[in-house]
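Notes follow the structure.
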Amino acid sequence: MSDRKAHSRTRKRFMDPESEEERQDMLKQLIAPHLESYNYFLTEGLSSAVENLYPLTLDACDEHESLKLWIRDVVISKPRDPDGGRDMKTYPLECRQSKISYTGQMTATICYEIDDGDSEGELNINMGQFPIMVGSVNCHLHGMSQEQKVARGEEPVEQGGYFITNGAERIIRLLIVPRRNHITALIRPSFTNRGSDFTHFATQIRCVRDDQSGETVTLHYLKTGECKVRMIIRRQEFFISAVMILFALRETTSKEIFKAIVEGGTRENHWEASRALYMLRSHSLKTRRDVLVYLGGVFRSVFTDLPSSMTDVEVAETLLDRHLLVHVDINSSTRNKQ
């Protein structure tokens, strides 16, 4: 009830403000998340996303030759009209009237390397047009006074926060997503559809990288007492034993894993200990290398962008780096950090 009352008060205050200045302040607060998010993308997020990209290695017909490609930089320019004469700037009003999109050119610097450095270079590639948010740092209205906005055919209090597509103003609806890097316990009957031993219990975490991209990892509890880790890779679900993941993360022993699982429990609680022993005894792979070799052999066909020269251990490390707890720097050596 309190939320409804607060919403009602805010709506009444916006529809009937004490002054026009108060109305504009409220509108500015409403639009701020859109502008701040887009400006972050232009100033920090895009470069961070490029840095976290993985290089692509292609094997030639000759097994001794390979081509490595990676993106070094991506730049999004302000809207411009190549046929505009002296003033090549494109303003939102022109796009509305001409029923075109308010966009800027996106250019990428792509580097290549042949045979581990025998030949290398870079190319500047035109990646097409990218939508520019009105009022953002890449918009020509950014930083203008009210008089300057009026001179360009805009409202003096134009705040922006939207895109112009084929002359129409479009706004992106914000989505509510689970809290980042936070474990949530779930009870869903649909979990039992994933296998005969699956229960409706699970925990889930949405891990977010520094470029704001994320991976969701789910830990399912089975009727046998075992736990399975679910990862989504290229829209496919994969289930891996939780014990196998623990062995893959670091050099450890079954005794260390057992003590970590039952740590903090009481002497009378034998259930946790028995489940831990069951999980450890149900797997024949007991060393980190054995587990990595196994995972690499299974997932090699999934990662088609990896060179055939990579060992199974390196493929498994790539799996962990790309899809498991990506907010933690487990193994970042394979990323596109040139």
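Numbers for the structure displayed
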read-out: Residue under evaluation Asp197, criteria (1) under 22 Å from Tyr221 (Cα atoms); (2) loosely packed, with under 13 Cβ neighbours inside 10 Å, criterion not met; value: (2)
read-out: Top-ranked residue in the range 169-187 [being part of a strand (DSSP E or B) and out of contact with any helix residue (DSSP H, G or I) (no Cβ under 8 Å at 6 or more places or on another chain); ranked as farthest from Leu325 (Cα to Cα)]; value: Arg170
read-out: Considering residues of the range 306-327 that are at pLDDT 85 or above and assigned to a loop (DSSP other than H, G, I, E, B) only, the residue surrounded by the fewest Cβ atoms within 10 Å (Cβ to Cβ); value: Thr311
read-out: Pairs, first among the hydrophobic types (A, V, I, L, M, F, W, C) in the range 289-309, second in a loop (DSSP other than H, G, I, E, B) and surrounded by 14 or more Cβ atoms within 10 Å (Cβ to Cβ), C-beta under 6 Å, six or more apart; value: Val291/Leu285
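The values are calculated or read from the model by the stated rules, or taken from the named source; none is laboratory data. The shown structure was predicted, so the numbers you read here are calculated from the model rather than taken from an experiment. Using ideal geometry, Cβ is built from the backbone for each residue, glycine included, and neighbour counts are taken over all protein chains shown.
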